[in-house]
Amino acid sequence: MIALALLIAAPVESPAARLRHLDSMATTWAPAPSPDGTRVAFLTTLFGAPQAASTAVEGGYPLQLTDEPGGVLEVRYLPSESRQLFVVALREGRKRLLLVDEDGTPPLEVDPTEGDQFPGGVTRDGKKLIYAVRDATRISLRGFALDVKKSSEIVPPPPAAGTQRTTGPVPQQGSLTLEDALSNLISLGPISPDNRAIVGLVRRSGSEAVVLVDLQSARAELLTPVEKPARFRQPRFSPDGRTLYVLTDAGRDLLGVDAINVRDRVRKTVYVASAPIDAFAVSDDGHRLAVALESNGLDVFSLLDLSSLRSQPLAAPPAGAVAEGLIWDRPGERLWFGWRLSDDNTDVWQLRLGRGTAIRLTRSPRPNLPRDAISRPALVKAGEIDERNRLRHEEERSINERLATLTRREREVLPYVVAGRLNKQIAATIGTVEKTVKVHRMRMMAKLGVRCVADLVRLTERVGIMPSQEPR
């Protein structure tokens with residue numbers, strides 16, 4: 001933050017020069033370990049717009065997996081293949097699912113159907129990718145067979161096949177149609193361990209809620225009845241699929257970890273602290289719970305035995321905050337996460353059980369790179385100009401649509417965050433408390449799809465929003 005503040009305060013630098021310097025501070029986040037534990041994929045701005053990359057867990061130069069002009073939002077390995085992955089890319093302002101690999105094969109678009117595509121995950125046998133497609137008129141749930149590379153819509157069985165199923169994870173009485181359950185979808189996944197159901201986070205009645213979709217009957221059940229406005233994040237199944245863990249503030253002021261019994265929908269608190277929890281991860285064997293607790297703008301890790309909630313030893317990374325992604329590898333020996341340091345550098349880190357220090361896998365390169373060493377735009381042919389203009393207009397449209405979702409307070413906070421001001425400085429300026437500003441800031445950055453101030457500056461510059469010029 002200090003480096004950003006100095007950049008913004010320097011009167012001799014134009015916005016373009018400042019952005020070029022920020023571009024030199026590449027970030028990496030959202031780690032996804034491979035099934036065999038030998039590699040880890042992540043998102044990075046090392047190659048310009050956010051792209052998917054991977055590297056060996058023991059370190060090495062990142063291998064670029066995508067080259068999408070609109071950038072990439074998500075990357076994950078296929079559970080049965082150590083070198084094949086799927087990504088969510090932005091193409092013409094729409095989220096599109098692509099299959100990629102580490103051998104340089106051109107990306108394969110999963111489904112040509114128009115609309116935004118929401119990945120739900122791959123079944124544990126590695127045979128099918130479940131996802132949702134939302135266009136202007138409807139939303140559908142679909143499956144992509146990875147062996148034959150063919151997609152099909154998930155629909156209720158015909159009456160002759162029998163619709164009165166009484167077994168399975170989703171009760172039939174009072175169930176919802178897919179259209180009703182997923183009409184305001186936020187995110188999809190994970191898939192249950194038995195491959196019979198998938199979780200969806202949705203908006204209902206002015207709040208967030210969790211639904212469970214039975215993939216055989218194509219019906220859904222509301223797991224969290226809407227009583228008061230609440231947030232639900234990061235759903236994770238227990239190994240037996242009977243319990244769904246979520247990060248939520250339902251029934252309290254701070255985010256904590258709750259467990260929902262899938263069968264009877266009873267929700268109980270698993271872990272809550274005096275500070276909000278920014279992220280959590282449950283190991284695949286269901287024995288360990290890792291949480292990142294927010295404290296004075298930074299995150300502190302805790303490792304707990306899930307059954308007894310007794311603390312276990314865990315090395316601490318340098319002072320910073322989780323950027324995105326907190327995930328165990330399959331054996332539950334390495335905890336992967338994106339970590340933003342106090343100088344705004346963001347990298348992929350790992351904590352290994354039994355090791356005394358945290359390990360930094362990637363390096364945010366060149367924070368002190370001279371400005372004249374930063375690469376300039378390449379020459380383009382005249383025929384490419386129209387296409388680049390079209391892509392630029394599509395990007396600006398997408399940004400403006402996201403800006404339109406901000407509340408009045410979030411729009412008020414935005415230019416101060418762009419200017420690099422601290423939460424307590426913003427609070428004093430707009431007449432509120434620091435905690436409230438932190439909430440507005442978090443929700444504003446989530447709605448805009450940015451993970452750090454540098455990304456926010458680049459995004460707002462594209463649509464002409466300038467930093468606040470009020471005195472510090």
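The values are calculated or read from the model by the stated rules, or taken from the named source; none is laboratory data. Since the model is a prediction, treat every value here as computed from it, not as a measurement. Counting neighbours? That spans all protein chains shown, and the Cβs are built from the backbone with ideal geometry, glycine included.
Strands (runs of 3 or more DSSP E) wholly in segment 241-284 with at least 2 residues that are under 21 Å from Asp194 (Cα atoms) - which ones? Result: 243-248, 256-261, 277-282. Name the single residue, out of those in segment 131-147 being out of contact with any strand residue (DSSP E or B) (no Cβ under 7 Å at 6 or more places or on another chain) and more than 14 Å from Leu182 (Cβ to Cβ), that is surrounded by the most Cβ atoms within 10 Å (Cβ to Cβ). Filtering first and then ranking leaves Asp147.
When Leu247, Leu212 are checked against the criterion of being crowded, with 17+ Cβ neighbours inside 10 Å, under 21 Å from the mean Cα position of the chain (by Cα), in contact (Cβ under 8 Å) with a residue 24 or more places away in the chain and closer than 18 Å to Ala275 by Cα, a single residue qualifies: Leu247. Kindly indicate whether Ser192 is of a type in the set (Ser, Thr, Tyr), at pLDDT 95 or above and within 20 Å of Arg267 (Cα to Cα). It is true that Ser192 is of a type in the set (Ser, Thr, Tyr), at pLDDT 95 or above and within 20 Å of Arg267 (Cα to Cα). Do we have Val418 as within 18 Å of Ala321 (Cβ to Cβ), of a type outside the set (D, E, K, R) and either surrounded by 17 or more Cβ atoms within 10 Å (Cβ to Cβ) or at pLDDT below 85 (or both) here? No; evaluated as a whole, the condition is false for this residue. Restricting to segment 180-194, name every residue that is buried (at least 18 other Cβ atoms within 10 Å of the Cβ) and outside any strand (DSSP E or B). Ala181, Leu182, Ser192, listed by residue number. Of all residues in segment 440-459, those that are closer than 20 Å to Leu298 by Cβ have Cβ atoms under 6 Å from Cβ atoms of residues that are in a helix (DSSP H, G or I) and acidic (Asp, Glu), 6 or more apart or on another chain, in His440/Glu410; Met444/Glu410. Could you check, for segment 319-328, whether at least one of its residues is farther than 18 Å from Ala26 by Cβ, among the acidic types (Asp, Glu) and either over 18 Å from the mean Cα position of the chain (by Cα) or modelled with pLDDT of 70 or more (or both)? No, because not a single residue in segment 319-328 is farther than 18 Å from Ala26 by Cβ, among the acidic types (Asp, Glu) and either over 18 Å from the mean Cα position of the chain (by Cα) or modelled with pLDDT of 70 or more (or both). Name every residue in segment 285-304 that is over 20 Å from Thr436 (Cα atoms) and either touching a Lys or Arg at 6+ places or on another chain (Cβ under 8 Å) or assigned to a loop (DSSP other than H, G, I, E, B) (or both), in order of residue number. Residues satisfying the conditions are Asp285, Gly286, His287, Leu303, Leu304.
How about segment 316-342: which of its residues are of a type in the set (Gly, Ala, Ser) and assigned to a strand (DSSP E or B)? Of everything in segment 316-342, those that are of a type in the set (Gly, Ala, Ser) and assigned to a strand (DSSP E or B) turn out to be Gly320, Ala321, Ala323, Gly325, Gly338.
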